[in-house]
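Undergrad: I am attaching a structure below and will ask some questions about it afterwards.
The values are calculated or read from the model by the stated rules, or taken from the named source; none is laboratory data. This is a predicted model, so every value here is computed, not measured. Quick reminder, even Gly has a Cβ in these numbers, built from the backbone with ideal geometry, and neighbours come from all protein chains shown. In case anyone asks, the SASA skips ligands and DNA or RNA and just uses the protein heavy atoms, side chains included. Shrake-Rupley method; radii C 1.70, N 1.55, O 1.52, S 1.80 Å.
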Amino acid sequence: MEQRSAENLANNATFGVVVTDEGVVLVDPGGSWKGAEAIHARIRDITDQPVKFVIDTGGQDHRWLGNSYWLAQGATVIASQDAVQDQKVRGSPQLSALTQLLGEQLSGTEPAYANVTFANNYTLELGGLTFEIMHVGQAHTPGDSFVWLSAKDTVFTGDIVYVDRILGNGAQSNAKSWIAVFEAVAALDPAHVVPGHGHATTLQKATADTYDYLINLRTRIGTLIDDGGDIMDAPKIDQSAFSYLEQFDSLAGRNAQTTYEQMEWE
């Protein structure tokens, strides 16, 4: 649950690795060239199979800034069109921030984009497995996608799901559509959920830590607006039911204010 640092190479997130008879599918590339290299080292501990495909699930730095490494290894990178657009818009400030946080550990990292893109859905077949990549709307970022591996009853959610850590509702997010995107994930009724942040979990836990939090956030901000409250009152809404989540103290108030701004324009 740590923040980006020179030690973690901007890999402060959860990544997915699926080994097939024909190669590896990696869900999210890492947050830097060296971060991708570190992921590759871990994959080599598991299998000698090459990484054939990398799926960018969104526009946060750890969802795409490792792309250049994987493209150099000959992998195909897949992302939604909205994710690529978001990466192009926010790439420069992301790299500037990472320069301050990672220093020399950012060396080699260059913006590189998916060479296969899609609007809403993309189906990847490899080694007898079918990966359904679905982008149904904006969540934490405009281009967030989830990956459904029905043969394993497993969904990889990227930043659509956070567990054990409070989610971040930022300027690039939309809490209202995030709820709808989560509902699309839940409709699959997966046995296993691999979140964007936190350990592999159940749908029940994912619902408690992400969906229920978003519902509480919008419900209480909606009441505040109806009662004539302003944005300075937003951090005072009751989010205490979620105080067990890591980084609650640093993010809860900001999430409330961002939600207020979003709901004002609905």
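Undergrad: Summarise the long-distance tail of P(r) for the stretch 55-147 by giving the % of C-alpha pairs beyond 23 Å.
TA: Pairs farther apart than 23 Å: 24 percent.
Undergrad: Please report, in debye to the nearest 20, how large the charge dipole of the chain is about its Cα centre when each Lys and Arg carries +1 at its beta carbon and each Asp and Glu carries -1 there.
TA: 360
Undergrad: How long is the gain from Q73 to E264 if the chain were fully straight, where each residue apart is worth 0.36 nm and the alpha carbon distance is subtracted?
TA: 64.1 nm
Undergrad: Next up: Between S250 and A119, how high is the FRET efficiency from 1/(1 + (r/R0)^6) when r is the Cβ-Cβ distance and R₀ = 25 Å? Nearest 0.05.
TA: About 0.10, to the nearest 0.05.
Undergrad: Against the longest principal axis of the chain, how steep is helix 81-102, in degrees 0 to 90 to the nearest 10, with axes from Cα atoms?
TA: So the helix axis and the longest Cα principal axis differ by about 90 degrees.
Undergrad: With springs only between Cα atoms under 10 Å apart, run a GNM on the chain and tell me which of D45, D233, D249 wobbles the most.
TA: D45
Undergrad: What is the extension gain from E183 to D227, computed as 0.36 nm multiplied by their sequence separation minus the C-alpha to C-alpha distance, in nm to one decimal?
TA: Here the segment from E183 to D227 would lengthen by 13.0 nm.
Undergrad: Could I ask something else about it? Highest mean first, how do 176-183, 63-70 rank when packing is the count of other Cβ atoms within 10 Å averaged over residues?
TA: By packing density, highest mean first, the sequence is 63-70, 176-183.
Undergrad: Could you give the angle, 0 to 90 degrees to the nearest 10, between helix 248-264's Cα long axis and the longest principal axis of the Cα atoms of the chain?
TA: The answer is roughly 70 degrees.
Undergrad: Also, I was wondering about something else. At 222 nm, what helix-only mean residue ellipticity would the chain give, in deg cm²/dmol to the nearest 500, using -39500 (n - 2.57) for each DSSP H run of four or more?
TA: Helix contribution divided over all residues of the chain: -10500 deg cm²/dmol.
Undergrad: Please figure out what share of the DSSP beta bridges in the chain is antiparallel and state it in percent, rounded to the nearest 5.
TA: 55
Undergrad: On a 0 to 90 degree scale, rounded to 10, what angle separates helix 33-46 from the longest Cα axis of the chain?
TA: 70
Undergrad: Given a 1.4 Å probe and every protein chain left where it sits, what share in percent of the accessible area of the chain is carbon and sulfur?
TA: 48
Undergrad: Now for a separate question. Classify the stretch 123-217: rounded, prolate or oblate, from the alpha-carbon gyration tensor (a ≥ b ≥ c, eigenvalue square roots; a/c under 1.5 rounded; otherwise prolate if a/b is larger than b/c)?
TA: Prolate is the answer for the stretch 123-217, as a/c is 1.5 or above and a/b outweighs b/c.
Undergrad: Counting only heavy atoms of the protein chains, get the accessible area per residue of the stretch 128-248 (1.4 Å probe) and round it to a whole Å² value.
TA: 39
Undergrad: Taking the Cα centre of the stretch 179-266 as origin, work out the dipole magnitude from +1 charges on Lys and Arg Cβ and -1 charges on Asp and Glu Cβ, in debye rounded to 20.
TA: Charge dipole of the stretch 179-266: 280 debye, to the nearest 20.
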